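Read the figures in this text as sums done on the coordinates, not as results from a lab. Quick caveat, the model's predicted, so the values are computed rather than measured. A quick note on method: Cβ atoms are made from the backbone with ideal geometry, for glycine too, and the neighbour counts reach across all protein chains shown.
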Amino acid sequence: MKDQYWDTILSNKQPFFQLKLGEVWQSRDLLWLFTKRDIAQLYKQTILGPLWFFIQPLLATIVFTIVFGGMAGMPTDGIPPMLFYLSGQIFWMFFAETLNKSSTTFRDNQAIFGKVYFARLIVPLSIVINSAIKFGIQFFLFLIFYFFFQFVMGAEIHPKAPLLLLPVLLLMTGALGMGVGLIITSMTTKYRDLTFLVTFGVQLLMFLTPSVIVPVSEFYKKYPAIAPYVVGLNPLTAIIETFKYGFLGEGAFTWPYFITSIIMTIIIFLTGVLFFNKTEKNFMDVI
């Protein structure tokens with residue numbers, strides 16, 4: 001019998017870890033379609049539509065300014081309260097939205113995943129791109145207030161070189177939110193109870209992330225016992241502090257602190273992809 005040569009071999013054996021970047025690139029048109037679908041579905045049948053991109057961080061910033069900056073009298077390291085809270089909010093919303101939507105990837109897309117094969121990472125990647133687009137719009141809002149306080153109100157704002165790290169900060173925030181979200185969605189295929197804890201956990205995490213509400217310096221003063229652990233083990237804190245230091249000239253920025261945040265973000269992201277790849281092989285049998 002003559003040897004037979006096959007063009008394609010189907011097998012359920014896959015490497016322990018793989019990003020499938022080739023498949024993602026080949027399906028880049030599908031990635032864009034998912035991104036447009038998410039944006040269209042989110043603001044379909046709403047009156048204000050994309051204006052909510054501006055309204056959400058603005059309302060949150062106003063509330064924080066009144067409650068924490070006014071009533072509670074929390075300091076903001078000399079930064080105008082509106083800029084302090086807005087700079088933290090736009091990054092927090094980017095991270096939180098990426099995490100929340102990525103954490104339900106398998107549940108929300110089980111009908112599509114069960115019918116046709118494509119690189120599954122396209123779905124959470126589309127969520128990151130969607131959130132990044134919103135961040136870009138909200139960053140424009142931040143710049144409006146930034147120049148207003150600097151040139152109209154005469155605020156002492158001294159931008160510094162780390163503002164050039166903005167693209168790196170965006171990549172880190174997206175990777176961090178996506179990594180945590182992939183870990184959660186991989187676990188919720190078996191343990192549905194985690195779904196109910198995600199919303200509460202994300203809200204709690206905001207209060208455990210110094211620089212969103214409280215300056216890192218003030219956090220160290222009030223909670224000296226736990227501050228090093230909360231600040232050092234939360235890579236999002238370094239991201240926001242680097243942004244504030246670069247654009248506003250105030251913040252707890254150091255290179256070792258920032259590099260540690262990068263390393264932790266990479267570890268979390270790769271762990272999320274590892275869990276995701278392992279779960280996608282048989283999640284249809286579990287859901």
For the chain, which span is the longest to avoid every loop-located (per DSSP) member of chymotrypsin sites (Phe, Trp or Tyr not before Pro) having at most 12 other Cβ atoms inside 10 Å?
-> 18-116
Just list whichever of K115/K190; K134/K190; K134/K160; K160/K221 have alpha carbons separated by over 23 Å in the model shown.
-> K134/K190; K134/K160; K160/K221
Quick one: Cα centre-to-centre distance for segment 161-194 and segment 251-268, in angstrom?
-> 15
When all C-alpha to C-alpha distances in the chain are sorted into bins of 5 Å, what percent of pairs does each bin hold, rounded to whole numbers?
-> 1, 5, 11, 15, 17, 15, 12, 9, 6, 4, 2, 1, 1, 1, 0, 0, 0, 0
³J(HN,Hα) across segment 150-160 via Karplus (A = 6.51, B = -1.76, C = 1.60, θ = phi - 60°), whole Hz, x for Gly/Pro?
-> 6, 9, 9, 8, x, 5, 7, 10, 10, x, 10
Semi-axis lengths, Å, segment 198-249, gyration tensor of Cα atoms, sqrt of 5 times eigenvalues = 18, 15, 9
Over all alpha-carbon pairs in segment 70-188, figure out the percentage whose distance exceeds 19 Å.
-> 57
For segment 64-114, Rg(Cα) over 2.2 N^0.38 Å is 1.80
Once label points are set 7 Å from the Cα along Cα→Cβ at both R37 and F151, what is their separation, rounded to one decimal in nm?
-> 4.3
Using DSSP to define loop residues, name the trypsin sites (Lys or Arg not before Pro) in segment 64-118 whose beta-carbon has at most 15 other beta-carbon atoms within 10 Å.
-> K115
Assuming R0 = 51 Å, can you tell me the calculated FRET efficiency for the pair L163 and K190, based on Cβ-Cβ distance, to the nearest 0.05?
-> 0.70
Please work out how much length the chain gains when fully extended from I133 to L51, using 0.36 nm per residue of separation minus the C-alpha to C-alpha distance, in nm with one decimal.
-> 28.2 nm
Checked segment 123-170 with the C-alpha gyration tensor, a ≥ b ≥ c its square-rooted eigenvalues, rounded below a/c of 1.5, otherwise prolate if a/b is larger than b/c and oblate if not; verdict oblate
Alpha-carbon centroid distance for the pair segment 195-223 / segment 87-131, whole angstrom = 23
Around S217: net Lys/Arg minus Asp/Glu count, Cβ-Cβ under 11 Å = -2
Could you please report the charge total around F34, scoring K, R as +1 and D, E as -1 over all other residues with beta-carbon less than 12 angstrom from its beta-carbon?
-> +2
A student applying the Cα gyration tensor rule (rounded when a/c is under 1.5; otherwise prolate if a/b is larger than b/c, oblate if not) would label segment 164-273 oblate
Taking the Cβ of S131 as the center, what net charge do the other residues with Cβ under 11 Å away carry, scoring Lys and Arg +1 and Asp and Glu -1?
-> 0
In degrees rounded to 10, the 0-90 angle between helix 81-102 Cα long axis and the longest Cα principal axis of the chain is 10
